[in-house]
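Beneath this line is the structure, given in structure tokens, with notes to follow.
The values are calculated or read from the model by the stated rules, or taken from the named source; none is laboratory data. A quick note: this is a predicted structure, and the numbers were derived from the prediction, not measured. Every residue, glycine among them, receives a Cβ derived from its backbone with ideal geometry; neighbour counts consider all protein chains shown. SASA here: full protein model, heavy atoms, side chains in, ligands and nucleic acids out. Shrake-Rupley method; radii C 1.70, N 1.55, O 1.52, S 1.80 Å.
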Amino acid sequence: MWPLMTGTGFNGDVTSLAPDGSGNLYVGGNFTSYNGTAVNRVVRLTATGTVDGTFATGSGTGFNDAVFSLAPAVGAGTCMWEATSPATTGRRR
């Protein structure tokens, strides 16, 4: 469904994938870029495999450590992480 096999891909481990039901895919892990775009461990990709520029991670800096689980919620992604400075809505578990 998502053409993730194009470009340079992720520069680290992907630990979680969560489709949102509208064609987008949330991806979490221990990476800081996708196809050369800085995404800092969490990104929402469109159905074409490109970074969704409308998805904001709070301050825009992402997380400072790995994201292990994602669950899309209505209008936003919810994340579980191991980090000391999340920049999006979530709960540390």
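Summary table below
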item: Cβ crowding within 10 Å averaged over residues, with 45-53, 22-30 ranked highest first; result: 22-30, 45-53
item: Spin-label model distance (nm) - ASP52 vs ASN40, 7 Å beyond Cα toward Cβ; result: 1.9 nm
item: Per-residue SASA entry for THR37, accessible area with 1.4 Å probe, Å² rounded to 10; result: 60 Å²
item: Backbone HN-Hα couplings from phi across the stretch 32-46 [Karplus 6.51/-1.76/1.60, Hz, Gly and Pro as x]; result: 10, 8, 9, 6, x, 9, 5, 10, 6, 6, 8, 8, 10, 9, 7
item: Heavy-atom accessible area ranking, 1.4 Å probe, most first, across ASP13, ASP20; result: ASP13, ASP20
item: Per-selection Kirkwood Rh - the stretch 7-47 (Cα, Å, 1 d.p.); result: 10.1 Å
item: Other-chain or far-sequence residues with amide H under 5 Å of VAL42's (modelled H); result: PHE63
